[in-house]
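Below: the structure, in structure tokens.
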Amino acid sequence: MSDVPVIAIDGPSGSGKGTVAAAVAEQLGFVLLDSGALYRVLGIAASKYAVDLDDHAAIADLAGRLDIQFGKSGPGSVWLDGEDVTLQIRTDRGSELASLVGAIPAARRALFERQISFRREPGLVADGRDMGSVVFPDARLKIYLTASLEERARRRYKQLIGKGIDAILPDLLRDLKERDARDSQRSISPLQPAEDAVVLETTDLEIDQVVKQVMDLVRLRLGGSRA
């Protein structure tokens, strides 16, 4: 499997990594891994089944037996135990729960193999917070997207409103700040660029501009044949 190329796209919430990763995967015809969705689903499942987040063994056990399906009802859809949770996992509550379970070492270990299993021909684009630093350290290309806190909150607000989900911008700003602190300070897989990652500042860029920059890097690292 190590010969299957991986493009790792990491960054904080609202940096645009999910949108960029999806666009790059589509252009390349690669498999897409939204690792954040796995943590969001685990968080929602823990809430749904009343599993105490302080019971790390129970959380790890839950992570190992989740019935998760991607794309069952269309691109980007996510199903948990036969239920469509696509919108539910994208709420502020879904983000908060993902960050909380992501700080549990046992949960991260339980989801590690699931993430590795996405590495299939012809290649993988993986987005998350530790794709390049921990999960795929041999990734052919590692990108770390970042943007100002204010811009990320604005993007998040626009995304939620566009999906018909109520949102309050000052609340999003506060929540993102708290999540940044929690994700960067956790003891396992803290949010930070891999040592060999290319850091792209996207505050003043549109998504298509970021995608173009990433695709230019893909061509350099993976060869000119990549369209």
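The values are calculated or read from the model by the stated rules, or taken from the named source; none is laboratory data. The structure displayed is predicted, hence computed values, not measured ones. Cβ: placed from backbone, ideal geometry, glycine included. Neighbour counts: every protein chain shown.
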Q: Consider Ala22 carefully, then state whether it is under 29 Å from Glu150 (Cβ atoms) and either touching a His at 6+ places or on another chain (Cβ under 7 Å) or buried (at least 24 other Cβ atoms within 10 Å of the Cβ) (or both).
A: no
Q: Among the residues of the range 187-209, write down those that are in contact with a Gly (Cβ under 7 Å, 6 or more places away or on another chain) and either closer than 20 Å to Phe136 by Cβ or surrounded by fewer than 13 Cβ atoms within 10 Å (Cβ to Cβ) (or both).
A: Ala194, Ala197
Q) Take the residues of the range 87-121 that are polar (S, T, N, Q) and within 23 Å of Leu145 (Cβ to Cβ): which is surrounded by the fewest Cβ atoms within 10 Å (Cβ to Cβ)? A) Thr91
**Q.** From Leu173, Leu191, residue being over 17 Å from the mean Cα position of the chain (by Cα) and in contact (Cβ under 8 Å) with a residue 12 or more places away in the chain
**A.** Leu173
Q. Is it fair to say Ile165 is farther than 21 Å from Ile89 by Cβ and either of a type outside the set (Phe, Trp, Tyr) or in contact (Cβ under 8 Å) with a residue 40 or more places away in the chain (or both)?
A. no
(Q) Out of Gly14, Gly76, I need the residue that is modelled with pLDDT under 95, touching a strand residue (DSSP E or B) at 6+ places or on another chain (Cβ under 9 Å) and within 25 Å of Ile143 (Cβ to Cβ). Which one? (A) Gly76
Q: Provide a single number: the residues in the range 67-86 that are under 14 Å from the mean Cα position of the chain (by Cα) and loosely packed, with under 15 Cβ neighbours inside 10 Å.
A: 1
(Q) If the requirement is being surrounded by fewer than 17 Cβ atoms within 10 Å (Cβ to Cβ), touching a strand residue (DSSP E or B) at 6+ places or on another chain (Cβ under 6 Å) and farther than 18 Å from Gly16 by Cα, which of these qualifies: Arg221, Arg182, Arg174? (A) Arg221
Q. What residue, among those in the range 122-135 that are buried (at least 21 other Cβ atoms within 10 Å of the Cβ), over 14 Å from Ala25 (Cβ atoms) and of a type outside the set (S, T, N, Q), is nearest to the chain's Cα centre (by Cα)?
A. Arg129
